[in-house]
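Every read-out reported here was derived from the displayed coordinates using simple, explicitly stated rules and does not represent laboratory data. In this text the structure is predicted, and so the values were computed from the model without any measurement. Counting neighbours? That spans all protein chains shown, and the Cβs are built from the backbone with ideal geometry, glycine included.
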Amino acid sequence: MAEKVLNLAFVGLGQAVNRVLYQHPEVHDLPYRIVAAADPRAQAREAFERDFDGRAFADFESILEMPEVDVVYVATPPELHCEQTIQAAEAGKHVLVEKPMALSLDDALLMCRKAEDAGVKLLAGHTKCFDAPIIEMTRLAQSGRYGPMRAFTSMMYNSFNVMPWPTPELADTMGPVLNQGPHQLDIARQIGGGVVTSVTATTFHDSLRDVTGGYQALLRFDSGSSATLTYDARGLFDIAELYGWIGEGGQARPEDLNARMRRNIGDLLERHGRDGMDDELERQKEVGRYGAKDPGEALRNVWGYAKPDEPRDQPFFGMSILSLDQAAVRQSRDGLYLYTDGGRNSIDLQDSLRARAAELLELYRSIRDDRPVFHDGWWGAATLEACLALAESAATGGRVELAHQVPTPSEIPTLTL
């Protein structure tokens, strides 16, 4: 018997949804029918109606009035996430909300309560925890086969800050702290058992963009183990150099891409000045949004994104190294390397779904089977709490205790159709 198909609507046809629909073609193999979207940009609505024969609206409320919509994917600016998630839940729609889940912990917790009150599923995405190597690391950590986790290390050096984010938008998320921090802290929490007891951190400045450029953080877990995280978003060193020039999504990454992207920002500063460059940044940002006209090579040059049909290895969000009592684990091109007394062994994970496709499949199965969602709203709120604690610790110089943490679910999802 064919699986029931759920009707999916997107709220916000920006850069995130462009990646869902174009960068991850496997999304189209999932048991969803894409039926509606909302976005203020006329060209995005026209493109959606042409591509999916669906209905596109300028306002979000029109989607809520469609009884056939089962799932709403919220991909609007983060300051809108709380209100729109609550509205969707109260209309009886299941929700996948992009990161950062919200800009305050109170908002995130309210979103969770409202979803529970409405009896709908809430999945906090999009993070790299659904990448197959991270899922498999989590299984190894939870299995106990090689003893408990002793430490976890994650290092990410990328070009996030030199993507064409308008300066106020980049400042609102403290550079990478609230936008990219959910990826890295989610990974650490998931592998480390979920319950972070405290965060100690520092941040550093990005002189090119005049915002926060990165951070270093120490996370302590209730198990007594810890995680050390480094994130540098300034586009100077590229972590792909340590990984055979494989990029974040698994595609080949040009060795000069970071330099090109930094040069683009530098040229804008020289021509327009810091106060006048945001209009041009907004124009360049449009290239990455859904419905942009013929982005071509500009999508690579200013956003750093590969074409969807390029060959891919396993996704690589920085260098992640897991230290267990009797083994060590790190990522490889095909999955993982497992180091034990017997030497190095490979774990091939090539058949797994990736990123947003894996998240949408998990949400579908939780609805179909009426079971808890892996990475539900409470999980997302706990990760946001850790990100905000990172920022607070950096500002105050002290250790910040956490109070809203939840454990990693014992049921790890299978990422194949």
**Prompt:** Which trypsin sites (Lys or Arg not before Pro) in region 1-61 pass both tests, a DSSP loop state and at most 12 other beta-carbon atoms within 10 Å?
**Reply:** Lys4
**Prompt:** For region 1-67, which GluC sites (Glu not before Pro) are in a loop by DSSP, counting at most 15 other Cβ atoms within 10 Å?
**Reply:** Glu3, Glu65
**Complete:** Result: in the chain the number of Lys pairs with C-alpha under 15 Å apart, spaced 8 or more or on different chains, is 4
**Request:** Sticking with the crude label model, points 7 Å out along Cα→Cβ, report the distance from Leu269 to Glu49 in nm, one decimal please.
**Result:** 4.3 nm
**Gain upon complete extension [Ala171, Asp369; 0.36 nm per residue less C-alpha separation]** = 67.2 nm
**Item:** the chain, relative contact order in percent, only Cα pairs under 8 angstrom and at least six apart counted
**Value:** 21 percent
**Asked** Using the eigenvalues of the Cα gyration tensor, what equivalent ellipsoid semi-axes result for the chain when each is taken as the square root of five times the eigenvalue, whole Å, largest first?
**Response** 30, 27, 22
**Virtual spin-label span in nm between Val5 and Val195, 7 Å along Cα→Cβ** = 4.4 nm
**Asked** How about region 324-417: which GluC sites (Glu not before Pro) there lie in a loop by DSSP and see at most 14 other Cβ atoms within 10 Å?
**Response** Glu411
**Asked** Tell me, what is the percent relative contact order of region 1-66, built from C-alpha pairs under 8 Å that lie six or more residues apart?
**Response** 31 percent
**Message:** At R0 = 41 Å, how high is the FRET efficiency between Arg333 and Glu401 if r is their beta carbon distance? Nearest 0.05 is fine.
**Reply:** 0.55
**Prompt:** Which distance in Å, rounded to a whole number, links the C-alpha centroids of region 155-172 and region 333-363?
**Reply:** 28 Å
**Message:** Pick from Gly54, Gly214, Gly273 the residue whose mean-square fluctuation is largest in a GNM of the chain, springs joining Cα atoms under 10 Å.
**Reply:** Gly273
**Message:** Please list the three semi-axes, largest first and in whole Å, of the ellipsoid equivalent to region 96-224, using sqrt of 5 times the eigenvalues of its alpha carbon gyration tensor.
**Reply:** 26, 22, 14
**Item:** Whole-number D in µm²/s for region 129-348 (Stokes-Einstein; Kirkwood sum over Cα pairs; 10 °C, 1.306 mPa s)
**Value:** 86 µm²/s
